[in-house]
Amino acid sequence: MRFLGINAIFHDPAAALVVDGEVVAAAEEERFSRRKHGKRPVPFSAWELPEMAAAWCLEQSGLRPEDLDGVAYSFDPRLVRPGQAGLDDRWEDLRTTYAHRAPNFLATALPGLDPAQVSFVPHHVAHAASAGLAAPFRESAVLVCDGRGEAVSHLAGHYQDGELTVLATQELPHSLGLMYEDLTQHLGFLRSSDEYKVMAMASYGRPRFLKELRELVHPTGDGGFRVEPIDWSVYAKALSKGEAWTADHADLAASVQTRLEEVLLDLVRWLHDRTGARHLTMAGGVALNCVANTRLFHEGPFEDVWVQPAAGDSGTALGGALHLARAHGDPVVPMPGADLGRGWSDEELAAWLDVAKVPYERPVDLAAAVAAELAADRIVAWFQGRAEYGPRALGRRSLLAHPGRPGNTERLNDVKGREQFRPIAPMVRAERAPEIFGRGPVPSPYMLFVHDVRPEWRERIPAVVHVDGTARIQTVERGRDPLLARLLEEFEARTGLPVVVNTSLNTAGRPMVDDPRDALECFGSAPVDVLVLGPYLVRRGAVFAG
């Protein structure tokens, strides 16, 4: 059977297609519209649908809207409680009104779709399915934690043979995700967007406000928690966009980050006591906090922690489709990887380069050629295969660089036009990772945990070592990605370093590059030395010669 999943209600609109229980396509609307996060998370935008992403998912499988057996919309307006305490946006009812009308909106966006085919899947159930049904386990405890859904901000449950048992939820306005969003805004960043910047800033501070926060944010012992109103200005003044931050701001970020980790630990211990499961699967925006994930892996009671690579709201499109597939009796298959977006053939890529009148070459050994460029300290824009689903660049749409040059952190942040306190990440073959990185799960293919960099390696790969001595690694499996594995081998042969810098192929405020035109535009506007488009290599000097 064929099920399309749609996320549209808050932010990061996305679409995903599941056919006969297998994930065949998933993409975020931002990659098509070139608008970061697709839209802003305000009630007025709730009508906007991932029309281009949905149309592409269907086209990818040769389907028409009328061929679908169902469409999952990852929000159930029937669960919303009017006047919910703490959600005082006077336009909130508008969001619910739009959600009620989503079946008709979808039928307009996808001509031929019967509105009756659209099912409302509760937001946190869709998150849970994106983890528990997509993970490589038949049984797992599942923890969902984000800003908000219809009436709750958290779900704890248990998946057994595809069936979800909900064990606890947390009613709004209490929300760990909204707490982190509020702090993000107080620190001068964009809420529902820049929370990862707060996580990075926390590494520069000390949790000296932890005692106060423990009184305001605390678990309740029944699988839930309380978040009392917090006056952030008591601890550090509010910052405007771009205003310099101080030690107080870093200490506040560190305090909130630590308290978040402590409460999450309490939640997973409670969940383990109720389920006895070996595996924990996670989704929701809070699950993108790789520092917290790592602490759960080390100090929590579960043997394994698996985090959905599209853990934010975009992943609910996938979860909704998987939920409907399972409800209709399809045997659901774990997701094959995060490379579920658009891809192009070698012939199509060559045609793009020809149209752009860009000089290019096709090296006999692409991995060796690119490794030589990296060894010469050149920045490489790397465009290969199908685009990633989720916020992490995982070797499909990446910027690559030499990790042994300490100035490359600043250099890449300048290329991307972003804050200098932001770290860049290492890519490493899975079999080499334990030698270089400690205290973290291996393999770690989705860049959702942090690992300590072993002391003897910190001076050898300084560009990827964060201020706290950690790195957010991506491990590469030879069987899954032979070209990247060979690139890492060739780079090590030239430099002695088995690690390459990997950060997302984009510039600040723009979505990750998705199609060949995006790649060419980014290459033309940013000081990148080499563009690799499939098997083809473009040198900046050749393009801009004379």
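Here residue 1 passes the criteria (1) closer than 25 Å to residue 192 by Cα; (2) aliphatic (A, V, I, L, M); (3) in contact with a His (Cβ under 6 Å, 6 or more places away or on another chain) except the one numbered (1).
Restricting attention to segment 24-43, does a residue exist that is among the β-branched types (Val, Ile, Thr), open to solvent by 50 Å² or more (accessible area, probe 1.4 Å) and in contact (Cβ under 8 Å) with a residue 24 or more places away in the chain? Yes, some residue in segment 24-43 is among the β-branched types (Val, Ile, Thr), open to solvent by 50 Å² or more (accessible area, probe 1.4 Å) and in contact (Cβ under 8 Å) with a residue 24 or more places away in the chain.
In segment 126-152, the residues that are within 20 Å of residue 264 (Cα to Cα) and among the hydroxyl-bearing types (Ser, Thr, Tyr) form Cβ pairs under 7 Å with partners that are in a helix (DSSP H, G or I) and modelled with pLDDT of 95 or more, at six or more places apart or across chains, as follows: 130/315; 130/316; 130/318; 130/319; 130/322; 140/132. Residues that are charged (D, E, K, R) and either in contact with a Cys (Cβ under 9 Å, 6 or more places away or on another chain) or open to solvent by less than 60 Å² (accessible area, probe 1.4 Å) (or both) within segment 462-488 comprise 472, 481, listed in sequence order. Summed over segment 396-414, the residues that are open to solvent by less than 10 Å² (accessible area, probe 1.4 Å), closer than 22 Å to residue 193 by Cα and either among the small types (Gly, Ala, Ser) or in a helix (DSSP H, G or I) (or both) give a count of 3. When the residues of segment 220-252 are filtered to those that are assigned to a loop (DSSP other than H, G, I, E, B) and in contact with a Gly (Cβ under 8 Å, 6 or more places away or on another chain), the one that is surrounded by the most Cβ atoms within 10 Å (Cβ to Cβ) is 245. Does residue 346 satisfy the condition of being over 28 Å from the mean Cα position of the chain (by Cα), farther than 23 Å from residue 526 by Cβ, surrounded by fewer than 16 Cβ atoms within 10 Å (Cβ to Cβ) and of a type in the set (D, E, K, R)? Spelling it out, it is not the case that residue 346 is over 28 Å from the mean Cα position of the chain (by Cα), farther than 23 Å from residue 526 by Cβ, surrounded by fewer than 16 Cβ atoms within 10 Å (Cβ to Cβ) and of a type in the set (D, E, K, R). In the condition set (1) free of Cβ contacts under 8 Å to residues at least 40 places away in the same chain; (2) in contact with a Gly (Cβ under 7 Å, 6 or more places away or on another chain), residue 413 is compliant with all but (2).
Among the residues of segment 500-546, those that are of a type in the set (Val, Ile, Thr), under 24 Å from the mean Cα position of the chain (by Cα) and assigned to a strand (DSSP E or B) comprise 500, 501, 503, 532. Taking segment 109-144 as the range and being over 19 Å from the mean Cα position of the chain (by Cα), of a type in the set (A, V, I, L, M) and not in a helix (DSSP H, G or I) as the test, the residues that pass are 110, 113, 118, 121, 141.
Take the residues in segment 480-499 that are assigned to a helix (DSSP H, G or I) and without any contact (Cβ under 8 Å) to a residue 40 or more places away in the chain; name whichever of them is farthest from residue 12 (Cα to Cα). Per the stated criteria, the residue is 492. Any residue at all in segment 366-381 that is loosely packed, with under 15 Cβ neighbours inside 10 Å, modelled with pLDDT of 95 or more and outside any loop (DSSP other than H, G, I, E, B)? Within segment 366-381, not a single residue is loosely packed, with under 15 Cβ neighbours inside 10 Å, modelled with pLDDT of 95 or more and outside any loop (DSSP other than H, G, I, E, B). If the condition is being in a helix (DSSP H, G or I), at pLDDT below 95 and open to solvent by 60 Å² or more (accessible area, probe 1.4 Å), then segment 79-108 contributes only 93. Is it the case that residue 429 is in contact (Cβ under 8 Å) with a residue 60 or more places away in the chain, in contact with a Leu (Cβ under 6 Å, 6 or more places away or on another chain) and open to solvent by 20 Å² or more (accessible area, probe 1.4 Å)? Here the answer is yes, as residue 429 does meet what is asked.
Scanning segment 264-296 for residues that are touching a residue at least 60 places away in the same chain (Cβ under 8 Å) and part of a loop (DSSP other than H, G, I, E, B) turns up 277, 278, 284, 289. How do the pairs read when you match residues in segment 208-227 that are under 19 Å from residue 253 (Cα atoms) with residues anywhere that are surrounded by fewer than 14 Cβ atoms within 10 Å (Cβ to Cβ) and charged (D, E, K, R), using Cβ under 6 Å and keeping only pairs 6 or more apart or on different chains? As it stands, the answer is 216/228; 218/226, since those pairs meet every condition given. When segment 52-72 is filtered for residues that are without any contact (Cβ under 8 Å) to a residue 40 or more places away in the chain and of a type outside the set (D, E, K, R), the ones remaining, listed by number, are 52, 62.
Condition check for residue 491 on (1) aromatic (Phe, Trp, Tyr); (2) surrounded by fewer than 23 Cβ atoms within 10 Å (Cβ to Cβ); (3) at pLDDT 95 or above: one failure, at (2). Looking at segment 434-443, can you tell me whether even one residue there is more than 22 Å from the chain's Cα centre (by Cα), open to solvent by 20 Å² or more (accessible area, probe 1.4 Å) and closer than 21 Å to residue 394 by Cβ? Within segment 434-443 (the criterion being more than 22 Å from the chain's Cα centre (by Cα), open to solvent by 20 Å² or more (accessible area, probe 1.4 Å) and closer than 21 Å to residue 394 by Cβ), the answer is yes, since at least one residue qualifies. Scanning segment 306-327 turns up one or more residues that are under 24 Å from residue 176 (Cα atoms) and assigned to a strand (DSSP E or B). When 166, 142, 125, 152 are checked against the criterion of being hydrophobic (A, V, I, L, M, F, W, C) and open to solvent by less than 20 Å² (accessible area, probe 1.4 Å), a single residue qualifies: 142.
The values are calculated or read from the model by the stated rules, or taken from the named source; none is laboratory data. Every value quoted in this text rests on a predicted model; they were computed, and no experiment measured them. Glycine gets a Cβ as well: all are built from the backbone with ideal geometry, and neighbour counts include every protein chain shown. In case anyone asks, the SASA skips ligands and DNA or RNA and just uses the protein heavy atoms, side chains included. Shrake-Rupley method; radii C 1.70, N 1.55, O 1.52, S 1.80 Å.
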